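Working notes, structure below.
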Amino acid sequence: MPRPDWLIADDYVDTELGTLKTGKEAEIRVLERTSLDGARRHLLADKRYRPKTVSHKGELEALGFTTAATFRNDVGYREGRGPRDSRGRRAVANMSRYGRQLVRADWVGHEHDVLLALWEAGVPVPYPVGTDRQTSVVQQYLGDDDGAAPRLAQARLGPSQLAAAWDQLVDAVRTTTRAGWVHADLSAYNLLWWEEQVWVIDVPQAVDLHAATNGYELLHRDVVNVCRWFASRGVDGAEDPDAVLGTVLG
Ligand SMILES: Nc1ncnc2c1ncn2[C@@H]1O[C@H](COP(=O)(O)OP(=O)(O)OP(=O)(O)O)[C@@H](O)[C@H]1O
Ligand SMILES: [Mg+2]
């Protein structure tokens, strides 16, 4: 399997440099990875999920779970997500401590797997360097020693950069769709701008376009969201979400 050429693949030491962002579900810490001979180094972003505090059934369903009784008919189940054994399914349905751990582990493993699938398909996403499949996804850090890449929403792009970002984004959504995935939370807050390139991040909620019952609906919502953002900044082509959806699916 191909790996990025910047990645230190032999023995290394990781040093935690600090917390970059604290989000709704997770916090992002910056790691410095150094080869044992000290000759090579690069930074990494470690996304660490807090124990999932699922409080109501709607949230649970959004995660791809439902109660034990109807689990078999659930989209998440058909997509192979969620615990397969009856103990795990019961724990999730009851939202016990163990159940919440299972939900978080599902979320973490899914984010890693989607990042890898998208990276392999050629979507500009941070390369997933590793995961414990319980709490953490270590990934390519977008930024440098002076700071992390800004979110698109904060990047203050000029008109020609905005036009370039739009083309890159439509390309990224097309590649994602062709690979059979829907981001499902696409916005200027989950896009980073680094080295004149748009990067797609934050994918734990991504769904299989064809297997999820609402796959096309979520794709439509993603497209409408980003169209609105770019159209309000005067970018040509962003004013017609249906045309963009046609391009993406075409
Ligand atoms: N690989 C990365 N490189 C650089 N910065 C990153 C990376 N991943 C995440 N970040 C920063 O951390 C923030 C939160 O990451 P992410 O969106 O994945 O988590 P989240 O829990 O959904 O947070 P939020 O609630 O803010 O959306 C991002 O908006 C971005 O600023
Ligand atoms: Mg986010």
**Report entry** Restricting the range 177-192 to residues that are out of contact with any strand residue (DSSP E or B) (no Cβ under 6 Å at 6 or more places or on another chain) and open to solvent by 20 Å² or more (accessible area, probe 1.4 Å), the residue that is nearest to TRP229 (Cα to Cα)
**Finding:** SER187
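Could we say that ASP171 is open to solvent by 40 Å² or more (accessible area, probe 1.4 Å), under 13 Å from the mean Cα position of the chain (by Cα) and not assigned by TED's automatic domain parsing to the domain that holds ASP46 here?
Taking the combined requirement at face value, the residue does not satisfy it.
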Query - Matching residues in the range 178-191 - criterion: being more than 10 Å from ligand 2 (Cβ to nearest atom) and not in a loop (DSSP other than H, G, I, E, B) - result: ARG178, TRP181, VAL182
Requested in this report: Would you check if there is a residue in the range 129-147 being within 16 Å of ligand 2 (Cβ to nearest atom) and without any contact (Cβ under 8 Å) to a residue 60 or more places away in the chain?
Outcome: no
**Report entry** So GLY82, is it buried (at least 19 other Cβ atoms within 10 Å of the Cβ), at pLDDT below 80, in the same structural domain as ARG3 (by TED's automatic domain parsing) and small (Gly, Ala, Ser)
**Finding:** yes
Report task. State yes or no: is ALA206 within 16 Å of ligand 1 (Cβ to nearest atom) and crowded, with 20+ Cβ neighbours inside 10 Å? Result -> yes
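Considering only the range 120-129, I want to know if a residue exists there that is under 22 Å from TRP229 (Cα atoms) and touching a Phe, Trp or Tyr at 6+ places or on another chain (Cβ under 8 Å). Please lay out each step first, then the result.
Of the range 120-129, the ones under 22 Å from TRP229 (Cα atoms) are 123-125.
Among the residues that remain, those that are also touching a Phe, Trp or Tyr at 6+ places or on another chain (Cβ under 8 Å) are: 124-125.
Yes, some residue in the range 120-129 is under 22 Å from TRP229 (Cα atoms) and touching a Phe, Trp or Tyr at 6+ places or on another chain (Cβ under 8 Å).
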Query raised in the report: Which residues, taken from the range 1-38, are touching a Ser or Thr at 6+ places or on another chain (Cβ under 9 Å) and over 17 Å from ARG151 (Cα atoms)?
Result: ILE8, ASP10, ASP11, TYR12, VAL13, ASP14, THR15, LEU31, GLU32, ARG33, THR34
Requested in this report: Inspect the range 139-156 for any residue being surrounded by fewer than 16 Cβ atoms within 10 Å (Cβ to Cβ), under 15 Å from the mean Cα position of the chain (by Cα) and either farther than 26 Å from VAL235 by Cβ or modelled with pLDDT under 95 (or both) and give the result as yes or no.
Outcome: no
Requested in this report: May I ask you to verify whether TRP199 is in contact (Cβ under 8 Å) with a residue 40 or more places away in the chain, within 16 Å of ligand 1 (Cβ to nearest atom), open to solvent by 40 Å² or more (accessible area, probe 1.4 Å) and closer than 21 Å to GLY246 by Cβ?
Outcome: no
Query raised in the report: What is the one condition in (1) open to solvent by 50 Å² or more (accessible area, probe 1.4 Å); (2) away from ligand 1 (no atom under 16 Å from the Cβ); (3) farther than 20 Å from TYR216 by Cα; (4) in contact (Cβ under 8 Å) with a residue 24 or more places away in the chain that SER160 does not satisfy?
Result: (4)
Query raised in the report: Is there a residue in the range 33-40 that is within 16 Å of ligand 2 (Cβ to nearest atom) and assigned by TED's automatic domain parsing to the domain that holds ASP106?
Result: no
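The values are calculated or read from the model by the stated rules, or taken from the named source; none is laboratory data. This is a predicted model, so every value here is computed, not measured. With ideal geometry, Cβ positions are generated from the backbone for all residues, glycine too; neighbour counts draw on all protein chains shown. Protein only, heavy atoms only, side chains kept; ligands, DNA and RNA dropped before computing areas. Shrake-Rupley method; radii C 1.70, N 1.55, O 1.52, S 1.80 Å.
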